[in-house]
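> Please read through the structure below; I'll follow up with questions.
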Amino acid sequence: MGTIDENKVIIQSLQNDWCCNKVAAADMLRLDLVHPVVSGNKWFKLRLNMKHAVESGAKNIVTFGGGYSNHLISTAYIARMFGIHAIGIVRGKYDVLTPTLQACKDEGMELIFISKEDYKSKDEPDWEKKLAEHFDELFIIPEGGANEWGRAGAGLIGRFINDSYTHVAVSVGTGTTLIGLKNKISAHRQLLGFAPMKQGAYLHEYINSHIHADNNNNWQLFDEWHFGGFGKWNDELVSFMNDFYRVNNIPLDIVYTSKMMYGLQQMILSDFFPKDARILCIHTGGLQGNTTAEKKLCY
């Protein structure tokens, strides 16, 4: 699968026709090019977590996710690279493994399936105690890498963002990447987060509590364009993804970035942005999640 290479990251301009010539510029930060498996923001959220795990002498990594989790497969791959045993706590029971879970297993990750009800309790202190009883020299990475190392790692994405951009758009799952970016980039720049799940605005309180006080302004969270809920999609979204690829030659993932770009275009069309806006959209990778719709996609 090749090495993880941050030098592959580029900024690609979107066609003026896609923006309907309503803003000065719209570009995409192609974090998806870092690696085909550990793509996008996943690498940045995991790199400092793994560094800390190695330095602390951990032999087992435990993390959490659903059946189509980009975080799980990214952790499985990186853990194998570092020679650390990975355990994935999976939300829900699966008689047949999803392509993502099968890939995790192929990378050597041990999968433990728990009910959705039990999964809701995964952040309680008793969970860590139970895990420590079963696995020695353990390091736990929260779902989505949502801890201090994940946020700090996400902040490293800021070095790709120059001062010419007035707005930065990013998908929001746990809020880790948005927090890391907001704590790193200049406070005057507008940061727009797009949650791909129903009622994703619930993340506002969590995000707000982790942004540094001197940077806690000029950011917004949108959850209108969820297409039925997290991981849900329809033919309208697929058609948008295909059109976006034909115009811009950029593949989008069906879970996160496609919904962000759909919403962003709607905002551009409704004159949300001033004419002189220069927008940078962050491609957070996760193209492996397209397996559920691959027969409908033109790429």
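The values are calculated or read from the model by the stated rules, or taken from the named source; none is laboratory data. As the structure is a prediction and not an experimental result, all values here were calculated from the model. Please note: Cβ atoms are built from the backbone with ideal geometry, for glycine as well, and neighbour counts cover all protein chains shown.
> Among the residues of region 225-242, which ones are surrounded by fewer than 13 Cβ atoms within 10 Å (Cβ to Cβ) and at negative phi?
Hits for region 225-242 are Asn234, Asp235, Glu236, Ser239.
> Only one of these is of a type in the set (A, V, I, L, M, F, W, C) and modelled with pLDDT under 95: Val247, Val255, Val238. Name it. Talk me through it step by step, then tell me what you get.
Values: Val247 fails: modelled with pLDDT under 95; Val238 fails: modelled with pLDDT under 95.
Exactly one residue qualifies, and that residue is Val255.
> Continuing with the same structure: Quick one: Leu29 ticks every box in (1) assigned by TED's automatic domain parsing to the domain that holds Ile179; (2) of a type outside the set (Gly, Ala, Ser); (3) farther than 22 Å from Trp149 by Cβ bar one, so which box is it?
If we test Leu29 against (1) assigned by TED's automatic domain parsing to the domain that holds Ile179; (2) of a type outside the set (Gly, Ala, Ser); (3) farther than 22 Å from Trp149 by Cβ, just (3) comes out false.
> Any residue at all in region 167-186 that is touching a residue at least 60 places away in the same chain (Cβ under 8 Å) and over 17 Å from the mean Cα position of the chain (by Cα)?
Checked region 167-186: at least one residue is touching a residue at least 60 places away in the same chain (Cβ under 8 Å) and over 17 Å from the mean Cα position of the chain (by Cα).
> So, one more: Ala132 versus (1) of a type in the set (Gly, Ala, Ser); (2) under 20 Å from Ile78 (Cβ atoms); (3) part of a helix (DSSP H, G or I): which is the lone unmet condition?
Condition (2) is where Ala132 drops out.
> Ok, one more. Please determine, by comparing only the residues of region 117-138 that are closer than 21 Å to Gly175 by Cα and either among the polar types (S, T, N, Q) or in contact (Cβ under 8 Å) with a residue 24 or more places away in the chain (or both), which one is surrounded by the fewest Cβ atoms within 10 Å (Cβ to Cβ). Explain how you work it out, then say what you get.
Residues of region 117-138 closer than 21 Å to Gly175 by Cα: 119-124.
Of the ones still in play, those that are also either among the polar types (S, T, N, Q) or in contact (Cβ under 8 Å) with a residue 24 or more places away in the chain (or both) are 119, 121-122.
Numbers: Tyr119: 18, Ser121: 10, Lys122: 17.
Only one residue fits best here, namely Ser121.
> Grab the strands (runs of 3 or more DSSP E) fully contained in region 1-109, keeping just those with 3 or more residues being in contact (Cβ under 8 Å) with a residue 40 or more places away in the chain.
Details: elements: 11-13, 25-30, 60-65, 85-91.
Fully inside region 1-109 and qualifying: 25-30, 60-65.
> Looking at (1) under 21 Å from Met260 (Cα atoms); (2) touching a strand residue (DSSP E or B) at 6+ places or on another chain (Cβ under 9 Å); (3) of a type outside the set (S, T, N, Q), which one does Lys93 not meet, given that it meets all the others?
Single failed check for Lys93: (1).
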